[in-house]
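Enquirer: Mind having a look at this structure? Questions to follow.
Where a number appears in this text, it was derived from the coordinates with a stated rule and is not lab data. Since the model is a prediction, treat every value here as computed from it, not as a measurement. Don't worry about glycine lacking a Cβ; one is built from the backbone with ideal geometry, like all the others, and counts go over all protein chains shown.
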Amino acid sequence: MSTSNARKALMVLAHNNFRDEEYTSARQSLEESGLEVAVTSTVARNAMGSQGMNIDPDLLIDDVSPDDYDAVVFVGGTGASQYWHDIHAHTIATTLNDASKIVGATSHASVTLAVAGLLTGKKATSHVAVYEKLQVAGAKYTGSNVEVDGNIITSSGANAAKEFSQTLSQALR
């Protein structure tokens, strides 16, 4: 049951080809950390994971009020590229970052944070297929499974889903 003072987390999903295991693992960590989780996307129904998961988001990304959330996780997968240059995604990430709240991104979604300017001069990781995009945006790409720099947590992808989730849980304590 929702309470007005409950901590809340936002998960940003691509409308198509998000990584199912990155979503489920991170969501479980957020919930186990006591946060209410809301899912957003550009579609109201049937966001499709690359492994067949089907999610009906709670709200459209255009309707997100970033100040309502204590953490955000941008879920990776090849579909995450839809947010690389999305002003709403950038506003969400920047607002939470400016408030020193947890900003997480898995695999391909790390590029969204890089393009938004959040990774400039920071250690970060991503899926190896997109690491150059992080470097071009000024990030210090490490190639690690998970990287933490301040309040920003990035991961290399599905292979690091569990490690990312554990790191997320630790950061939310």
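Enquirer: Are there any strands (runs of 3 or more DSSP E) wholly within the range 11-106 with 3 or more residues that are at negative phi and surrounded by fewer than 20 Cβ atoms within 10 Å (Cβ to Cβ), and if so which?
Expert: Of the strands (runs of 3 or more DSSP E) lying wholly inside the range 11-106, those with at least 3 residues that are at negative phi and surrounded by fewer than 20 Cβ atoms within 10 Å (Cβ to Cβ) span 36-41.
Enquirer: Determine if the range 141-148 includes at least one residue that is among the polar types (S, T, N, Q), in contact with an Asp or Glu (Cβ under 7 Å, 6 or more places away or on another chain) and either more than 17 Å from residue 23 (Cβ to Cβ) or in contact (Cβ under 8 Å) with a residue 40 or more places away in the chain (or both).
Expert: Looking through the range 141-148, at least one residue is among the polar types (S, T, N, Q), in contact with an Asp or Glu (Cβ under 7 Å, 6 or more places away or on another chain) and either more than 17 Å from residue 23 (Cβ to Cβ) or in contact (Cβ under 8 Å) with a residue 40 or more places away in the chain (or both).
Enquirer: When both residues are 6+ apart or on different chains and their Cβ atoms are under 6 Å apart, which pairs have a first residue that lies in the range 62-90 and is closer than 13 Å to residue 10 by Cα, and a second that is part of a helix (DSSP H, G or I) and aromatic (Phe, Trp, Tyr)?
Expert: Partner pairs satisfying both residue conditions: 75/23; 89/83.
Enquirer: Right, here's the next one. I need the full set of residues from the range 80-93 which are touching a helix residue (DSSP H, G or I) at 6+ places or on another chain (Cβ under 8 Å) and not aromatic (Phe, Trp, Tyr), in order please.
Expert: Those that are touching a helix residue (DSSP H, G or I) at 6+ places or on another chain (Cβ under 8 Å) and not aromatic (Phe, Trp, Tyr): 80, 81, 85, 86, 88, 89, 90, 91, 92, 93.
Enquirer: If you go through the range 133-152, how many residues are under 22 Å from residue 87 (Cα atoms) and touching a strand residue (DSSP E or B) at 6+ places or on another chain (Cβ under 8 Å)?
Expert: The qualifying residues number 5.
Enquirer: So which residues in the range 97-132 are among the charged types (D, E, K, R), free of Cβ contacts under 8 Å to residues at least 24 places away in the same chain and more than 23 Å from residue 8 (Cβ to Cβ)?
Expert: 132
Enquirer: Restricting to the range 137-160, and then to whatever is assigned to a strand (DSSP E or B) and of a type in the set (Val, Ile, Thr), can you tell me which residue is surrounded by the most Cβ atoms within 10 Å (Cβ to Cβ)?
Expert: 154
Enquirer: Would you pick out the residues in the range 107-136 that are small (Gly, Ala, Ser) and surrounded by 20 or more Cβ atoms within 10 Å (Cβ to Cβ)?
Expert: 107, 109, 110, 114, 116, 124, 126
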